[in-house]
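One structure is given here, and the rest of the page talks about it.
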Amino acid sequence: MGMFSTTGIRGIVGEKITPQLALEVGRTFGTFLDGSGNVLIGMDSRTSSEMLKSAVVSGLISTGVSVTDAGLVPIPALGYTASKDYDGAIMITSSHNPPQYNGFKFILENGLEITAEAEEKFEEIYNSKEFISKEWKEVGSYSEQSIVGDYIEEITALIDIDAITKSRLRVAVDTGNGAQSILIPELLETIGCKVLAINTKPKGDFNRDPEPNEKTLQKFEEFIRKESADIGIAYDTDGDRSIFLNEKGEVLMGDVTGTLLARELLSESKRPIVTTVATSKIIDDVIEKSELLIKTRVGGKHVAKELLDTNGVFGFEEGGGCIFRDFNLTRDADFASAKMIEILAKSGKKFSELIAELPNYYQLKGKVECPDEKKEEIIKRAAELFKEGASNLITIDGVKALYEDGSVLIRASGTEPTIRVFSEATTRQRAEEIHELSLNKVKELV
Ligand code: MG
């Protein structure tokens, strides 16, 4: 695998991630843009972000590209603004990785996170080291500008503020000392919420693990209960993913909250919903017209591409990343938060009641050891084996078998010599049954 993957470049600072690399990243991006145009740059709250940003800026400007520095800012705001007024953007971040990590994420002129084609071209330029280098009077310019105010205004214009203001919702947020600390509390206040926030001091020595999930959000769960909040929302460090919690402080799965958003957006637009094969069967149950539900391979870039190709209205991944096609091609946790609060306010229900309207699935995860060289064949044979009894079989990425009351996904792990098995069903007993049967079938194949 090359240096530029779809999630950008990530690694430990001082090892893989150095100022030298940052400089070359800037020179690569500038050369990719033929040494002209304007690039927006932003960063998360990591201690090394400022250092890396300066080197990237230097590299960009040396190619003749001008840079506008948005400073500490969440990715959605950066992507949104880049798609309006810039030729691309770079974010200094390592998303949810531990504090010693950092890296670079690239956004193209339309707000799309780097595509496979662009990735290849980046790689070529980076490896050739043939960077554009301008003479003294042609180097790019540099300026600093806050982009938060305009972005908040744009979201506010698309949300029913009256409904939210009337509902007097108490919204708890945990920004994890990351980039959303400077944006989401202000946005939510602007749209009429009573905001209760923790971990809002931006810093690289995070108070909690930067990956928001049930294991890392225990303090926040208590906070929600103590403050009698109606809804809780937690963010990763660069602020492109939002994890929702109900008023009891229970962490909700991204498939569930994504389905809630999908149901609303579909009813507004009648355009397709896009998600990956890893998403729970909840989405199949809620969106009954199969032509309005498009499944992709696992990975945000596939969701984004299908959204574009099919003119879908909304795309999501089970990890909490949401793309609102008409607003922002970058995963947008700010818009997701505002929209979810609007849905909750209009419903007049408790968040837990709203969630209870959706089917509930018990999910189980397991794996079977399998040598790398055998994986492909096993998956192929699994497609044959799992056809039996399935109401639908999807084979675009591993094998997903859908049953009346559950589903199972069989996928080769990309990082270890195992085949992963994800099972789910409407009762625990049935989930266990599907899981055991599936594990056994895979073991037999191996
Ligand atoms: Mg992220």
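For the stretch 108-171, the set of GluC sites (Glu not before Pro) satisfying both a DSSP loop assignment and a count of at most 11 other C-beta atoms within 10 Å is given as Glu130, Glu135. With K and R counted +1 and D and E -1, the other residues having a Cβ less than 9 Å from that of Gly2 yield a net charge of -3. Do any GluC sites (Glu not before Pro) in the stretch 268-366 lie in a loop, going by DSSP, with at most 11 other beta-carbon atoms within 10 Å of their beta carbon, and if so which? For GluC sites (Glu not before Pro) across the stretch 268-366 that sit outside H, G, I, E and B with at most 11 neighbouring Cβ atoms in 10 Å, the list reads Glu288, Glu357. At 10 °C and 1.306 mPa s, what whole-number value in µm²/s does Stokes-Einstein give for the translational diffusion of the stretch 192-343, with Rh from the Kirkwood sum over Cα pairs? D = 100 µm²/s.
Overall, the chain carries a charge dipole of about 680 debye about its Cα centre when +1 sits on the Cβ of Lys and Arg and -1 on the Cβ of Asp and Glu, all other atoms neutral.
So if we plug the beta-carbon distance of Lys350 and Glu144 into 1/(1 + (r/R0)^6) with R0 = 51 Å, what FRET efficiency do we get, rounded to 0.05? With a Förster radius of 51 Å, E is 0.70.
Hey, quick one: spin label on Lys84, modelled 7 Å out along Cα-Cβ, who in the stretch 145-180 has an amide N within reach, i.e. under 13 Å? Inside the label zone: 146-158. Straight-line cross-link partners of Lys129 among the lysines, defined as a Cα under 30 Å from its Cα and at least 8 positions apart when in the same chain: Lys16, Lys53, Lys105, Lys121, Lys137, Lys301, Lys305. With the cut-off at under 16 Å, measuring from each backbone N in the stretch 96-121 to a point 7 Å along the Cα-to-Cβ line of Asn311 picks out no residue.
Given their separation in residues at 0.36 nm each and the Cα-Cα distance between them, Leu437 and Asn207 gain 78.6 nm when the chain is fully extended.
Whole-Hz Karplus values for the stretch 324-336 come out as 9, 3, 7, 9, 7, 7, 7, 3, 10, 6, 6, 5, 4 Hz, taken residue by residue from phi with 6.51 cos²θ - 1.76 cosθ + 1.60 and θ = phi - 60°; glycine and proline positions read x.
Along each principal axis, taking the top coordinate minus the bottom one, the Cα set of the stretch 75-225 gives 57, 35, 30 Å in descending order.
Using a probe of 1.4 Å on the protein chains alone, the accessible area found for Lys349 is around 90 Å². Between the beta carbons of Asp34 and Asp326, assuming R0 = 25 Å, the FRET efficiency works out to 0.25 to the nearest 0.05.
Under the simplified labelling scheme, the Asp162-Glu404 pair shows an inter-label distance of 4.7 nm, with each label point 7 Å from Cα along Cα→Cβ. Placing +1 on the Cβ of every Lys and Arg and -1 on the Cβ of every Asp and Glu, with nothing else charged, gives the stretch 389-446 a dipole about its Cα centre of roughly 120 debye. Across the protein chains, with a 1.4 Å probe defining accessible surface, the residues Ser280, Ser36 rank Ser36, Ser280 from largest area downward.
If you add up the charges near Lys349, with Lys and Arg at +1 and Asp and Glu at -1, over every other residue whose beta carbon is less than 11 angstrom from its beta carbon, what do you get? Every neighbour counted, the sum reads -2. Using the scaling law 2.2 N^0.38 Å as the reference, what is the normalised Cα Rg of the chain? Rg over 2.2 N^0.38 Å, computed on Cα atoms: 1.00.
Dipole of the stretch 209-349 computed with +1 at Lys/Arg Cβ and -1 at Asp/Glu Cβ about the Cα centre; of Ile231, Ile283, Gly348, farthest Cα towards the positive end is Ile283.
Across the options Gly178, Leu52, Gly389, the greatest Cα extent toward the positive end of the charge dipole of the chain (unit charges at beta carbon of Lys, Arg, Asp, Glu) belongs to Gly389.
Near Thr63, once Lys and Arg are set to +1 and Asp and Glu to -1 for all other residues with Cβ below 9 Å from its Cβ, the sum equals +1. Spin-label model, Ser267 to Ser228: label points 7 Å out along the Cα-to-beta-carbon direction sit 2.8 nm apart. Placing +1 on each Lys and Arg Cβ and -1 on each Asp and Glu Cβ, with no other charges, gives the stretch 180-304 a dipole about its Cα centre of roughly 220 debye. Size descriptors for the stretch 349-439 (Cα atoms only): Rg and Dmax, in that order, 14.7, 52 Å.
Straight-line reach from Lys201: taking Cα to Cα under 18 Å and skipping same-chain neighbours fewer than 8 places apart, the lysines in range are Lys219.
The lysines whose alpha-carbon is closer than 23 Å to the alpha-carbon of Lys365, local same-chain residues fewer than 8 away aside, are Lys215, Lys281, Lys295, Lys374, Lys375, Lys380, Lys387, Lys400, Lys441, Lys443.
The values are calculated or read from the model by the stated rules, or taken from the named source; none is laboratory data. Worth saying up front: this structure is predicted, and the values here are computed from it rather than measured. Positions of Cβ are backbone-derived with ideal geometry, glycine not excepted, and every protein chain shown enters the neighbour counts. Ligands, DNA and RNA are stripped out before the accessible areas are found, and what is left, the full protein with its side chains, is counted by its heavy atoms. Shrake-Rupley method; radii C 1.70, N 1.55, O 1.52, S 1.80 Å.
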